[in-house]
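The next block holds one structure in the form of structure tokens; read it before the comments.
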Amino acid sequence: MIVVTGGCGFIGSEVVRQLRAKGHAVRVVDNMSKASSRVPDGVEFVRGDLTHAGVAREAFRGARACINLAARIGGIGYFHKLPAEILSENNLIYSHTFEAAVAERLERMLFVSSSMVFESATRFPSKEEDLRVIPPPFTAYGFSKLIGEWYCRAFHDQHGLKYSILRPFNAIGPEEEAGDEVGDAHVIPDLVKKIRGGQYPIELLGDGSQTRCFTHVRDIARGIVMALDHPAAENEDFNLGNAEEITMLELAKRIYAAWGGERPFQATFVSGFPSDVKRRVPDGSKAKRLLGWEPQIDFETGLREVIGKA
């Protein structure tokens with residue numbers, strides 16, 4: 001039995017689908033806090049809030065491993081609006097799930113971190129070992145994910161809990177939905193919502209020069225599932241990302257063109273958030289070398305899927 005916390009979310013539900021396709025029995029733990037949450041087919045489902053003591057211990061009984069995706073998560077506006085809740089609740093989730101993993105003698109904890117741990121990076125593409133020397137993240141969410149990585153190492157050092165750390169870089173896929181306000185969700189669903197709603201000119205946060213590298217959710221889930229039983233993933237950390245870099249201005253242009261806007265593209269720039277990361281580019285060579293993983297779905301294919309779904 002594999003426990004997937006947060007298994008009803010965007011990445012989690014795809015992880016579950018791939019686990020089931022490989023014949024794994026899966027138990028999903030989720031509090032169903034997002035309107036888009038759906039229980040995947042063919043799983044044992046536990047509706048529970050992992051910030052509450054005892055939920056994780058009960059959910060982990062009889063399991064051999066956990067893929068730990070549960071977290072308070074959203075877009076950049078969400079990070080700035082609820083920093084205390086994000087930090088407090090994510091730490092509670094980590095404490096309860098890691099303690100339950102030790103108590104129930106799980107074989108391995110797969111912790112799904114985030115590219116946000118690289119907020120302070122100055123070398124690009126960024127390698128896993130760069131985290132040893134760069135300053136910590138400056139958003140509560142990024143810092144909370146870095147804390148989760150420390151949980152992995154601390155519980156291994158004290159209790160012998162084996163772990164793998166996976167860091168997705170800007171997941172893209174047709175199942176992710178926009179939030180009620182700009183910045184509540186990630187940039188692609190936000191832009192699609194604006195363009196679909198007829199906003200013109202298109203509002204961009206900051207000056208549009210920020211860059212990101214988008215990785216299809218199916219590729220990210222495949223990397224997570226590959227790490228589950230791979231001996232080379234034991235007590236290691238991996239970036240899961242596509243190194244193709246794109247500015248937010250170019251991203252908006254491509255989405256607008258794909259949507260078939262009749263008027264020439266125009267953008268207007270509004271004040272961004274103080275901690276909007278200017279650049280984020282992964283080095284995925286370690287995952288390729290040790291796991292044999294690399295992205296298979298190109299950005300344009302993923303973007304067409306998102307536009308088609310919308």
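Filtering the range 8-33 down to residues that are surrounded by 16 or more Cβ atoms within 10 Å (Cβ to Cβ), among the small types (Gly, Ala, Ser) and part of a helix (DSSP H, G or I), which residue is nearest to the chain's Cα centre (by Cα)?
This residue is GLY12.
Starting from the range 227-241, keep only residues that are β-branched (Val, Ile, Thr), then list their pairs with residues that are not in a strand (DSSP E or B) whose Cβ atoms are within a distance under 7 Å, requiring at least 6 positions of separation or different chains.
none
Could you list, in sequence order, the residues of the range 98-121 that are of a type outside the set (D, E, K, R), over 18 Å from the mean Cα position of the chain (by Cα) and in a helix (DSSP H, G or I)?
PHE98, ALA100, ALA101, VAL102, ALA103
Within the range 196-214, take every residue that is under 22 Å from the mean Cα position of the chain (by Cα) and not in a loop (DSSP other than H, G, I, E, B) and give me the one that is farthest from ILE11 (Cα to Cα).
LEU205
The rows are residues; the columns are (1) without any contact (Cβ under 8 Å) to a residue 40 or more places away in the chain; (2) closer than 21 Å to ALA65 by Cβ; (3) surrounded by fewer than 20 Cβ atoms within 10 Å (Cβ to Cβ).
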| position | (1), (2), (3) |
| --- | --- |
| TYR200 | no, no, yes |
| GLN210 | no, no, no |
| CYS213 | no, no, no |
| ILE224 | no, yes, no |
| GLU245 | yes, no, yes |
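Hey, does the range 250-264 have a residue that's in contact with a strand residue (DSSP E or B) (Cβ under 9 Å, 6 or more places away or on another chain), surrounded by fewer than 19 Cβ atoms within 10 Å (Cβ to Cβ), of a type in the set (Asp, Glu) and assigned to a loop (DSSP other than H, G, I, E, B)?
So far as the range 250-264 goes, no, none of its residues is in contact with a strand residue (DSSP E or B) (Cβ under 9 Å, 6 or more places away or on another chain), surrounded by fewer than 19 Cβ atoms within 10 Å (Cβ to Cβ), of a type in the set (Asp, Glu) and assigned to a loop (DSSP other than H, G, I, E, B).
Would you mind finding the one in VAL3, VAL16, VAL29 that is without any contact (Cβ under 8 Å) to a residue 40 or more places away in the chain and among the β-branched types (Val, Ile, Thr)?
VAL16
Scan the range 215-232 and tell me whether some residue there is farther than 25 Å from PHE10 by Cα and either over 17 Å from the mean Cα position of the chain (by Cα) or of a type in the set (A, V, I, L, M) (or both).
yes
Considering SER36, SER88, which residue is free of Cβ contacts under 8 Å to residues at least 12 places away in the same chain and either farther than 22 Å from GLU234 by Cβ or part of a strand (DSSP E or B) (or both)? Steps first, please.
Numbers: SER36 fails: free of Cβ contacts under 8 Å to residues at least 12 places away in the same chain.
Just a single option satisfies the conditions, and that option is SER88.
Considering only residues that are under 18 Å from ALA233 (Cα atoms), part of a helix (DSSP H, G or I) and among the small types (Gly, Ala, Ser), look in the range 122-164 and name the one that is nearest to the chain's Cα centre (by Cα).
Among residues in the range 122-164 that are under 18 Å from ALA233 (Cα atoms), part of a helix (DSSP H, G or I) and among the small types (Gly, Ala, Ser), the one nearest to the chain's Cα centre (by Cα) is GLY148.
Each reported figure results from applying straightforward, stated rules to the coordinates on display, with no laboratory input. Being a predicted model, the structure only gives us computed values, none of them experimental. Positions of Cβ are generated from backbone atoms using ideal geometry, with glycine treated the same way; all protein chains shown enter the neighbour counts.
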